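Chemist: Below is a structure I'd like to ask you about.
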Amino acid sequence: MVFSPFAAMIAPIAVALTVGLLGWTYRALKPPPPKICGSPDGPPVTSPRIKLSDGRHLAYREAGVPREEAKYKIVVIHGFGSSKDLNLPASEELVEELRIYFLFFDRSGYGDSDPNPSRSVKSEAYDVQELADKLQIGSKFYVIGISMGAYPNSCFLILLNGRSYFGNGFSHFYRLAGASLVAPFVNYWWPCLPANLSNDAFSRLLAQDQWSFRVAHYTPWLFYWWMSQKWFPSLSILAGNMAIFSQSDLEILKKWSEAPSVGQEKIQQQGVYESLHRDIMVSYGKWEFDPMDLINPFPNNEGSVYIWQGYEDRIIPFQVNRYLSEKLPWIHYHEVPDAGHLLIFESKNCEAVLRELVQR
C-alpha cells in the first residue's frame, strides 16, 4: 500500500472541523449569563426591592395616593419591553377623586428584578401575590395586565378558583377584587382556539414575527440563536419595524420620543435573554392551562374581569380576544374602534379602564 500524506491529514482535519463546529454551535445556542443587579459585574440596584421566598428580588414603584389613604389599590403588570417605570396617563384629579394607589413592579429579568431561570406563567402570578403580601397592601386589590403582562392575570383567575393545575398553595388568591386585561397577549397554540381562527389571526402577523413565535413555541432552545443571527429577519418590534403599529399607536410613540420616560435604559440591563427572550418563550410556550378552563371568579358579582382590545391593533388581532370573550361571557369585553395596541396610553382610554375596574 502506498502511503499518502494527504490521506493521513484528512482525519485530524475532519476532527478539528467537527470540534470547531460543535464549539461554535454551543456558543451560538448558549445565551450569556445575566448581569445580576448588585453583583460585582452587574448594574447597581437603584430601586426599592422585596426578597421573594425563593431568594430572588423584585423591584417595585409606588404611585398615586399613599397606600394607607387609598380606597382602591391596583397592581399594574407591564408588558413586553417595558418596566415598572411606565406612565399611565391618568389625571391627578381622577387619581385623587378615586383615591387610587398604584403598585408597579419589574417582572423577573426586567429592570432591577432578578432573573428567574424557572420563569413560567404560574411563577409570574405568584410573584404578584408575594409582592402584595410583602408590602401589605391590604385585604383586596385589583390587577391590570398590559399586553404580555396580561398572562399572569389569566393565571390569577385560575388560582382564584383553586383549580388543580398547580397543586396546593393558593389560599390567598381570594384577595383579588377585579382584573383588567388590556390588549392582552394571545398564544396561537392554545387548544381552545378553532384552527381557522388561530390560522387567520396568525397569518395577519408579519412573516418574521410568525417565524420568531414558531421558534419560541417548537424549539425554545434555539430561540437565543434565532434572535442573535443575522441571516434572517427576527422579531419586528426589536428591529424597529413600524409597520406593526396602528396610526394611533404611532401618535403615542411620537409623544414618547419627544419626552422619554425615566428608567428606559434599565429595562434590558441584566441581559436581553432574561428579559425579552424569556418573556416570549414563556408566552408562546406550552401553557399549564387553557383559557377555556377559566371559571367566573366572581359568581356573586363581588368583582369583575375586563378585556380592553383595540380594533386597530396590529400586534394582537382583535378576532382572538373577541372570540374568547364570547365563549366566556362573564368577561366584560370592550373593543375600542379607533385604538391600537397602546390604547391604555391614551388618556381617555386609561381613565375609562380605571373607572370601570374600580367603580362597577
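The values are calculated or read from the model by the stated rules, or taken from the named source; none is laboratory data. For clarity, every value in this text was computed on a predicted model and none was experimentally measured. Heads up, the Cβs are rebuilt from the backbone with ideal geometry, glycines too, and the neighbour counts pull from every protein chain shown. Protein only, heavy atoms only, side chains kept; ligands, DNA and RNA dropped before computing areas. Shrake-Rupley method; radii C 1.70, N 1.55, O 1.52, S 1.80 Å.
Chemist: Show the residue pairs meeting these rules: Cβ distance below 7 Å; 6+ apart or different chains; first residue within segment 326-350 and under 24 Å from Lys255 (Cα atoms); second residue open to solvent by less than 20 Å² (accessible area, probe 1.4 Å) and of a type in the set (Asp, Glu).
Modeler: Within 7 Å, the pairs are Gly340/Asp249; Gly340/Asp313; His341/Asp249; His341/Asp313; Leu342/Asp249.
Chemist: What's the number of the only condition in (1) aliphatic (A, V, I, L, M); (2) crowded, with 20+ Cβ neighbours inside 10 Å; (3) modelled with pLDDT under 95 that Met9 fails to meet?
Modeler: Of everything listed in (1) aliphatic (A, V, I, L, M); (2) crowded, with 20+ Cβ neighbours inside 10 Å; (3) modelled with pLDDT under 95, Met9 misses just condition (2).
Chemist: Are any residues in segment 43-62 exposed (fewer than 15 other Cβ atoms within 10 Å of the Cβ) and among the small types (Gly, Ala, Ser), and if so, which ones?
Modeler: Of everything in segment 43-62, those that are exposed (fewer than 15 other Cβ atoms within 10 Å of the Cβ) and among the small types (Gly, Ala, Ser) turn out to be Ser53, Gly55.
Chemist: How do the pairs read when you match residues in segment 47-63 that are within 13 Å of Val128 (Cβ to Cβ) and outside any strand (DSSP E or B) with residues anywhere that are open to solvent by 30 Å² or more (accessible area, probe 1.4 Å) and modelled with pLDDT under 95, using Cβ under 6 Å and keeping only pairs 6 or more apart or on different chains?
Modeler: Leu52/Glu130
Chemist: Would you confirm whether or not segment 308-316 contains a residue that is hydroxyl-bearing (Ser, Thr, Tyr) and either open to solvent by less than 50 Å² (accessible area, probe 1.4 Å) or touching a Cys at 6+ places or on another chain (Cβ under 9 Å) (or both)?
Modeler: No.
Chemist: Can you find even one residue in segment 321-338 that is modelled with pLDDT of 95 or more, in a loop (DSSP other than H, G, I, E, B) and buried (at least 19 other Cβ atoms within 10 Å of the Cβ)?
Modeler: Within segment 321-338, none of the residues are modelled with pLDDT of 95 or more, in a loop (DSSP other than H, G, I, E, B) and buried (at least 19 other Cβ atoms within 10 Å of the Cβ).
Chemist: If Phe245 satisfies every condition in (1) free of Cβ contacts under 8 Å to residues at least 40 places away in the same chain; (2) among the aromatic types (Phe, Trp, Tyr); (3) out of contact with any Phe, Trp or Tyr (no Cβ under 7 Å at 6 or more places or on another chain) but one, which is the exception?
Modeler: Status for Phe245: all satisfied but (1).
Chemist: Here is a further query. Count, please, the residues in segment 208-259 that happen to be among the β-branched types (Val, Ile, Thr) and either surrounded by fewer than 14 Cβ atoms within 10 Å (Cβ to Cβ) or assigned to a loop (DSSP other than H, G, I, E, B) (or both).
Modeler: So the answer is 1.
Chemist: Of the residues in segment 303-323, how many are more than 16 Å from Met148 (Cβ to Cβ), touching a strand residue (DSSP E or B) at 6+ places or on another chain (Cβ under 9 Å) and in contact (Cβ under 8 Å) with a residue 24 or more places away in the chain?
Modeler: 6
Chemist: How many residues does segment 89-139 contain that are assigned to a helix (DSSP H, G or I), touching a His at 6+ places or on another chain (Cβ under 9 Å) and buried (at least 18 other Cβ atoms within 10 Å of the Cβ)?
Modeler: Qualifying residue count for the region: 2.
Chemist: Looking only at segment 71-88, count every residue that is closer than 12 Å to Ile100 by Cα and either part of a helix (DSSP H, G or I) or open to solvent by 20 Å² or more (accessible area, probe 1.4 Å) (or both) and tell me the total.
Modeler: Adding up the residues that qualify gives 3.
Chemist: I've got another one for you. Taking the condition within 20 Å of Val320 (Cβ to Cβ) and among the aromatic types (Phe, Trp, Tyr), does Phe232 pass?
Modeler: Considered against the rule, which asks whether it is within 20 Å of Val320 (Cβ to Cβ) and among the aromatic types (Phe, Trp, Tyr), Phe232 comes out as no.
Chemist: Tally time: how many residues in segment 123-152 are touching an Asp or Glu at 6+ places or on another chain (Cβ under 9 Å) and at pLDDT below 85?
Modeler: 2
Chemist: State the number of residues belonging to segment 264-296 that are buried (at least 20 other Cβ atoms within 10 Å of the Cβ) and modelled with pLDDT under 90.
Modeler: Result for segment 264-296: 3.
Chemist: Against the condition open to solvent by 60 Å² or more (accessible area, probe 1.4 Å) and at pLDDT 90 or above, how does Asn300 come out, does it pass?
Modeler: Judged against the criteria, Asn300 is not a match.
Chemist: Another question, then. Which members of segment 181-200 meet the condition of being over 16 Å from the mean Cα position of the chain (by Cα), under 30 Å from Val75 (Cα atoms) and buried (at least 18 other Cβ atoms within 10 Å of the Cβ)?
Modeler: Leu193
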